[in-house]
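Asker: Sharing a structure, written as structure tokens. Questions coming.
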Amino acid sequence: MRYYLIAGEASGDLHGSNLIRGIRKADSGAVFRFWGGDKMAEAGGAENLAMHYKKASFMGFTEVLLHLRTIFRQMDECKADIAAFRPDVLILIDYAGFNLRIARFAKENGIPTYYYIAPKVWAWKESRVKKIRKYVDRLFVIFPFEIDYFRSKGIAPVYEGNPLIDSIDQRRTGLLSHNEFAAQNGLDGRPVIALLAGSRRSEIGYNLPFMVKLSKQYPQYQFVVAGVSWLDKQVYTPYLDGSDVRYVCDKTYELLSVSDAAVVTSGTATLETALLGIPQIVCYRRDWASMLIGKAFLKIPYVSLVNLVLRREAVRELLQHHMTMKNATEELSAILPGGAKHEKMLADYAELQRLIGQKNPSDRFAARMVELLHKDLNEKHGEKSAHTANNGASRVLSAAQDPSGATGTSTSPDSPASK
């Protein structure tokens with residue numbers, strides 16, 4: 001069967017690549033086309049990459065407004081590419097602002113639409129639930145608390161675990177010791193604290209300067225920022241110049257695995273850090289316009305996925321004006337080895353792991369998608385066959401009743417003549 005996938009950021013690219021591999025196992029004849037990134041290109045073939053997400057990644061109200069023309073142009077390009085590919089199913093991965101508009105297009109054109117990694121409507125923009133109910137045929141969720149939430153909204157979700165487990169397990173076997181990692185990346189022998197300042201320019205600009213200042217309070221530690229390859233190193237350099245903070249690129253899991261603690265922006269990175277068992281604090285700052293609008297519409301008590309899954313503050317969140325040096329140093333000292341909160345946080349992580357679920361969720365999601373797609377297509381073809389048979393019977397009856405012997409033209413509600 002033919003699969004068209006759309007992912008709009010790094011985490012979606014990662015989960016999309018594992019999903020593609022899983023679909024190949026369940027459907028040996030699978031053909032792919034996708035919007036995504038390097039990981040999806042590796043899994044599904046670089047020749048099948050229609051658009052790289054780094055050309056379409058915009059975050060925050062201000063940034064989106066400044067690039068509206070580009071976003072709408074890309075949306076038109078995406079619709080045209082889907083129509084040309086003629087997929088059996090469209091699989092949307094997170095990226096709600098863009099993907100829900102594409103879902104409407106797919107619905108209007110009779111393309112089955114599966115949504116993998118549900119939009120976080122439980123956090124904000126709950127009005128999107130109506131669009132999911134209207135335009136999405138199957139919803140696949142990755143957090144246990146989402147099951148009851150979507151059921152309460154009249155949607156029957158599919159849950160098979162969290163795909164982050166796959167990405168972490170894939171990397172565990174190749175992780176280095178502290179000494180090996182330090183030698184390969186020019187670090188000294190001090191224990192490490194990881195800095196995860198985000199994956200977009202705007203996030204880095206708002207959060208990395210504070211993290212660098214924080215590092216000066218802990219000269220006994222080596223602070224290391226986790227860079228990403230789709231952003232040039234020069235994005236980080238102005239904030240790192242004159243400091244003792246080091247830089248590594250595309251080695252987030254490796255860095256975390258040798259760290260005593262981490263300072264993390266909100267988002268998927270908080271859950272990754274927890275599943276790797278590294279104590280963390282969340283420090284997140286944005287422009288005031290985005291934060292004020294976000295606060296007005298945010299419907300959740302926490303921004304960290306760790307806290308949302310556990311339904312309590314296991315990880316301290318220092319947001320906007322709470323992101324002070326005093327708060328950060330107190331909390332970081334408490335979660336470091338020997339600190340007052342270190343063992344409690346590790347115990348909370350163990351509970352989180354139990355709630356998230358078993359290994360190999362991507363394969364299970366893929367197998368369910370293929371199974372459900374066969375079922376949905378068979379039902380669709382069955383309805384079409386029944387409709388055709390009914391129209392045929394109507395024409396025979398008309399011919400029998402028409403003295404002239406003419407068969408006439410069907411005017412059923414679904415026929416072109418009725419439109």
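Asker: Determine the order of TYR236, TYR135 by accessible area, beginning with the largest, at a probe radius of 1.4 Å. Present the calculation step by step, with values, prior to reporting the outcome.
Answerer: Working: TYR236 0, TYR135 30 Å².
Final ranking, largest accessible area leading: TYR135, TYR236.
Asker: Which residue, ILE165, SER199, ALA182, has the largest displacement toward the positive end of the dipole of region 164-208 when charges sit on each Cβ (Lys, Arg +1; Asp, Glu -1)?
Answerer: Checking the options against the dipole of region 164-208, the answer is SER199.
Asker: How much of PHE365 can a 1.4 Å solvent probe reach, expressed as accessible area in Å² and rounded to 10?
Answerer: Solvent-accessible area, nearest 10 Å²: 0 Å².
Asker: For TRP124, what residues show an amide H to amide H distance below 5 Å, using hydrogens built from the backbone and excluding near sequence neighbours?
Answerer: Hits under the 5 Å cutoff: LYS299.
Asker: For LEU318, list long-range residues whose amide hydrogen, built 1.01 Å from N in the peptide plane, is under 5 Å from its own amide hydrogen.
Answerer: Under 5 Å from the amide H of LEU318: VAL282, CYS283, TYR284.
Asker: Follow-up. Enter the accessible area of SER362 (Å², nearest 10), with the probe set to 1.4 Å and all protein chains included.
Answerer: Spelled out: SER362, probe radius 1.4 Å, area about 0 Å².
Asker: Let me know the shape class of region 108-200, please: from the alpha-carbon gyration tensor, a ≥ b ≥ c as square roots of the eigenvalues, rounded when a/c is under 1.5, otherwise prolate if a/b is greater than b/c, or oblate. Provide the component values of the computation, followed by the final result.
Answerer: Numbers: a/c = 3.08, a/b = 2.73, b/c = 1.13.
It comes out prolate by the Cα gyration axes.
Asker: Right, next: Cα centroids of region 85-103 and region 331-380: how far apart, whole angstrom?
Answerer: 24
Asker: Accessible area per residue for region 140-278 in Å², computed with a 1.4 Å probe and the full protein assembly in place, what is it? Please report the intermediate quantities before stating the final value.
Answerer: Values: 5360 Å² over 139 residues.
Result: 39 Å² per residue.
Asker: For region 184-230, give the percent of accessible area contributed by carbon and sulfur heavy atoms, probe 1.4 Å, rounded to a whole number. Walk me through the intermediate numbers first.
Answerer: Details: 860 of 1730 Å².
About 50 percent, which is the carbon plus sulfur part of the accessible surface.
Asker: Something else now. Taking a ≥ b ≥ c as the square roots of the eigenvalues of the Cα gyration tensor of region 210-340, is the shape rounded (a/c under 1.5), prolate (a/b larger than b/c) or oblate?
Answerer: Details: a/c = 1.44, a/b = 1.22, b/c = 1.18.
Taking the square roots of the gyration eigenvalues as a ≥ b ≥ c, region 210-340 is rounded.
Asker: With a 1.4 Å probe and every protein chain left in place, tell me how much accessible area HIS15 has, in Å² to the nearest 10.
Answerer: 10
Asker: How much accessible area per residue does region 94-135 have, in Å², with a 1.4 Å probe?
Answerer: Values: 1790 Å² over 42 residues.
Per residue, region 94-135 has an accessible area of 43 Å².
Asker: Follow-up question, since we're still on this one. Starting from the Cα of GLN320, step 7 Å along the direction of its Cβ; do the same at HIS374; then give the gap between the two resulting points in nm.
Answerer: About 5.1 nm separates the two model spin labels.
Asker: Please say if region 179-278 is rounded, prolate or oblate, where rounded means a/c under 1.5 for a ≥ b ≥ c the square roots of the C-alpha gyration tensor eigenvalues, and otherwise the choice is prolate for a/b larger than b/c and oblate otherwise?
Answerer: Details: a/c = 1.34, a/b = 1.10, b/c = 1.22.
In terms of gyration-tensor shape, rounded.
The values are calculated or read from the model by the stated rules, or taken from the named source; none is laboratory data. Predicted model only: the values in this text are computed from it and were never measured. Because the Cβ atoms are built from the backbone with ideal geometry, glycine has one as well, and the counts that use them run over all protein chains shown. In case anyone asks, the SASA skips ligands and DNA or RNA and just uses the protein heavy atoms, side chains included. Shrake-Rupley method; radii C 1.70, N 1.55, O 1.52, S 1.80 Å.
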